[in-house]
1. When you look at N8, is it over 13 Å from L152 (Cβ atoms), in a helix (DSSP H, G or I) and either touching a residue at least 40 places away in the same chain (Cβ under 8 Å) or among the basic types (K, R) (or both), yes or no?
2. Which members of the range 404-423 meet the condition of being more than 16 Å from K470 (Cβ to Cβ) and surrounded by fewer than 21 Cβ atoms within 10 Å (Cβ to Cβ)?
3. Any residue at all in the range 295-314 that is exposed (fewer than 10 other Cβ atoms within 10 Å of the Cβ) and part of a loop (DSSP other than H, G, I, E, B)?
4. What is the residue count in the range 266-293 for residues that are touching a residue at least 24 places away in the same chain (Cβ under 8 Å), surrounded by 15 or more Cβ atoms within 10 Å (Cβ to Cβ) and more than 27 Å from the chain's Cα centre (by Cα)?
5. Whether any residue in the range 224-235 is at pLDDT 75 or above and part of a helix (DSSP H, G or I) is what I want to check.
6. Please work out which one of (1) under 22 Å from C491 (Cα atoms); (2) at pLDDT below 95 is the condition V310 fails and give its number.
7. Got a number for residues in the range 129-176 being closer than 17 Å to C88 by Cβ and modelled with pLDDT of 80 or more?
8. Only one of these is in contact with a helix residue (DSSP H, G or I) (Cβ under 8 Å, 6 or more places away or on another chain), crowded, with 17+ Cβ neighbours inside 10 Å and either at pLDDT 65 or above or basic (K, R) (or both): L122, L110. Name it.
Amino acid sequence: MDKKEIVNNFNKFRKICLKNSEDLLKASKASLEAGIDHASFNLTVLALEEIGKLEMEVIRMMSLLHPRPEPLRYNLADDDHKRKLFFCFWGPSFGREKQTKALFENNQDLAKNLHESRLLYLYSDPGNPRRWSELMQKDEARKIYELAEARLKMAQAGGEIDAQNIFEPSDDLEWFFKAHEDDQKKKEIWGHKSQEKLLELKDVKAWIKWLRSVYEKNEQEMREIAEKELKRQEPPDQEKLDPKWKINIEITTPSHSIRQKNLNKFNEGVHWIKLKRIDAHTLNIEFILSKNIPIHGLWWHGWGMTRMFVVALNIATHGFFWWNLKKDIRWYKEIWDLENNAGVNVQPNEPLERDWRDKHWVLREVDLSLASMIFSYLGHCHVEREEEHLNHYVAGLSFLAKSDVHLRFEMNSFEEFFKALKISMIENGDWDEKSSFVDAYLKVNEWRKFSEMPPKIIEDMRKLFELGFKIEAEHKGLVNISAIYGIKEYCEIYFQTLAVRFLEKKEGAKVRIVLGEPDINDDSK
């Protein structure tokens, strides 16, 4: 099929789509006048989908006009109703107004809501026996009809397409869609500078070419830098500790409120790690690495360094700090009691995450000071290859972060924390595997004054340790979120003991952990 035939076929398809949309809107109007609003709503949405198909077909036509060994693969399935609706609304704005991320997401939300509303109004549900008239808002069908009518007129005014109106070559468009799959590039594409360039050029084809040239130039420069770094000789001794790399990570914490004033003291004393408050529960951490880290070792060294500091924060605070803590704690959007006409909030017998609100914990200067000491101990473990217990602890944190209603990792998390504690006590000579584990733990951690605590605390500790041995032996047991955080804290107390022991040996002096009084969380910065 030659270029002219491809374009002619597209124009023929365009006429069919527009005529279908027009006919569907006529039927929609007739349904409106007859008072059958739900039928009108569905017919209107179908009319919008016809226009969306037209916008989508432009992309397929471009891949036909400029065939490549590896064809374009965009998820434009004909039965993808939400995607057709998205293209219906997004298409006319592209190149005519600033394509902000918010605009892009608004169009996605509009398409999703229209499709879901159409299904709700059109199909009766035995689990929710209500007529469409009870579900639809007043004039909802008329408003969407008027929107579709205006969109159809816009599509009709666009005219037929010819070879001059097409993106060329197609690999520019292929690059654009692939770039949009990258989260960082997507942010930049919808950023202020990029959108200002689109408005300046007033031509989508030229804009995509400009975007691609900018990224390709940057990638070429990065390749040259990487090649240079790979060939770089080991720096002389006097330069090995000079700053070379800067790494930024962002972590969240449900357990602690973050105040910048408490971070400033840490920042004053540590030059190669800087802490910055993003919001009350989000922390940015900047690491400076030296010249003696080659580029081919940057990934692993950077990952190990950042993970080590996050682990130190967890051990020091008994809270929870991690990269991504988003999780589904319920599987439903809404449950409605039809008999009482009221919403119902159904929860499992045991909560899926800890409620930290009663703690009112703030990340304090003393916590960061303790984290620094623990960070030093963790570095020693890394150098001496004594990390098995820490690997189990990190696995416990990872399972805890990923556990939700869809995939439950409570037992896995508990088991990993218990293994971390047991293995480290054996390796450090604090338990002989024969005597009472509880007694051994209490003896080595007496600085926490367990002997002054109520007997119930010790009894609960004993039950947790017994549960740990049972799970390890039988791979079964009842674990709830309280048990996980309980064993996690006992594990962390022992790690604090090991950190003190390490520092005393290193400094040749007595070291004492001062926990201090907890700050009252007033959400101040």
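The values are calculated or read from the model by the stated rules, or taken from the named source; none is laboratory data. Predicted, not measured: the structure shown is a model, and the values here were computed from it. FYI the Cβ positions are ideal-geometry reconstructions off the backbone, even for glycines, and counts take in every protein chain you see.
1. no
2. Passing the criteria: D404, V405, H406, L407, R408, F409, I423.
3. No, because not a single residue in the range 295-314 is exposed (fewer than 10 other Cβ atoms within 10 Å of the Cβ) and part of a loop (DSSP other than H, G, I, E, B).
4. 4
5. Initially, the range 224-235 is screened for residues at pLDDT 75 or above, giving none.
No, there is no match, as no residue in the range 224-235 is at pLDDT 75 or above and part of a helix (DSSP H, G or I).
6. Among (1) under 22 Å from C491 (Cα atoms); (2) at pLDDT below 95, V310 violates only (2).
7. Total satisfying the criteria: 15.
8. L110
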